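What follows is a single structure, written as structure tokens, with notes after it.
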Amino acid sequence: MTAPKSRSYVDQYRRLILTILCLFWWAAWADEAVKEIHDQLKMPVQKQMVALTLDACSGRYDGSLIDFLIANRIPATLFVTKKWLEKNPAGLATIKAHLDLFDVEDHGENHIPAVIGLNRKVYGIVGEPDIVHLRKEVVAGAEAVEAATGVAPRWYRGATAEYDDAAVEEIQKLGYRIAGFSVNADAGATLKKQAIEERLRNIKSGDIIIAHMNKPSSDTAEGLAVALTRLLQKGFTFVRLDEVDVEPVMDSLGNQKAATKTSK
Ligand SMILES: [Zn+2]
């Protein structure tokens, strides 16, 4: 008669071990989960107001895109890396001549994603091995922007715009606000002109658009030129992130809502 009893103890013990293992697994997963931050302008905003943000990761300077913005007096927030600044002095000179239109912010030193842990990757790009490296990526990027423009950045957008919780906490501790978005216009400058136009067709007041200014051979400049002209004709005005406050985009259940089709 003792056999069934001891079996049930063994079963309970096994169940307990399994539960503990699951909790450990869940804690590790929750800690390492990578997320995009989806924000919009803090409501209510003036009717038909949106923000355009452009990333300069590495690569080159998309002169046609910046020239279009200058010609149409469209303000934008530019997220540039130290790496990009060093490689594109002519582009930087044009931007510096128009700091009335362009707010230049921090996209890091070397375009390393803000996820922490050995060999972790986002879209195939290796993240930071530890918090010290993350700190350097953020701070050296900010120093490069300040040295180049004379203005200290207050916003940070990590490479790939994906973060884990530990990185978010550290970036905020360093005094930077993380720049989310609500509409992904060009999926890392990989989309064709018509797809970009399509993504900006149903834009609404308060949206924060992300696109790229580092791939002149892409369709981004052409697609944005058509889409942004249409927005100007509809009466939209553009603001820079240094002029506004933002808030998370929530769905009706109170969860943070996904941005319009994220990259890849
Ligand atoms: Zn980037």
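The values are calculated or read from the model by the stated rules, or taken from the named source; none is laboratory data. Predicted, not measured: the structure shown is a model, and the values here were computed from it. No Cβ is skipped: glycine too gets one built from the backbone with ideal geometry, and neighbour counts run over all protein chains shown.
Some points to look at:
- Residues of segment 55-73 satisfying the condition of being surrounded by fewer than 20 Cβ atoms within 10 Å (Cβ to Cβ) and either assigned to a loop (DSSP other than H, G, I, E, B) or among the hydrophobic types (A, V, I, L, M, F, W, C) (or both): Ser58, Arg60, Phe68, Ile70, Ala71, Asn72, Arg73
- Residues of segment 206-257 classified as part of a loop (DSSP other than H, G, I, E, B), surrounded by 13 or more Cβ atoms within 10 Å (Cβ to Cβ) and either modelled with pLDDT under 95 or among the acidic types (Asp, Glu) (or both), total: 5
- A single member of Ala142, Ala166 is among the hydrophobic types (A, V, I, L, M, F, W, C), more than 27 Å from Leu41 (Cβ to Cβ), away from the ligand (no atom under 15 Å from the Cβ) and touching a residue at least 24 places away in the same chain (Cβ under 8 Å), and it is Ala166.
Conditions tested, residue by residue: (1) of a type in the set (Ser, Thr, Tyr); (2) away from the ligand (no atom under 13 Å from the Cβ); (3) buried (at least 22 other Cβ atoms within 10 Å of the Cβ).
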| residue | (1), (2), (3) |
| --- | --- |
| Arg120 | no, yes, no |
| Ile125 | no, no, no |
| Leu134 | no, yes, yes |
| Glu137 | no, no, yes |
| Ala147 | no, yes, no |
| Pro153 | no, yes, yes |
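- Residue match in segment 197-205 (condition: part of a helix (DSSP H, G or I), among the β-branched types (Val, Ile, Thr) and on the phi < 0 side of the Ramachandran plot): no
- Identity of the residue in segment 59-86, under 18 Å from Ala189 (Cα atoms) and polar (S, T, N, Q), that ends up nearest to the ligand (Cβ to nearest atom): Thr81
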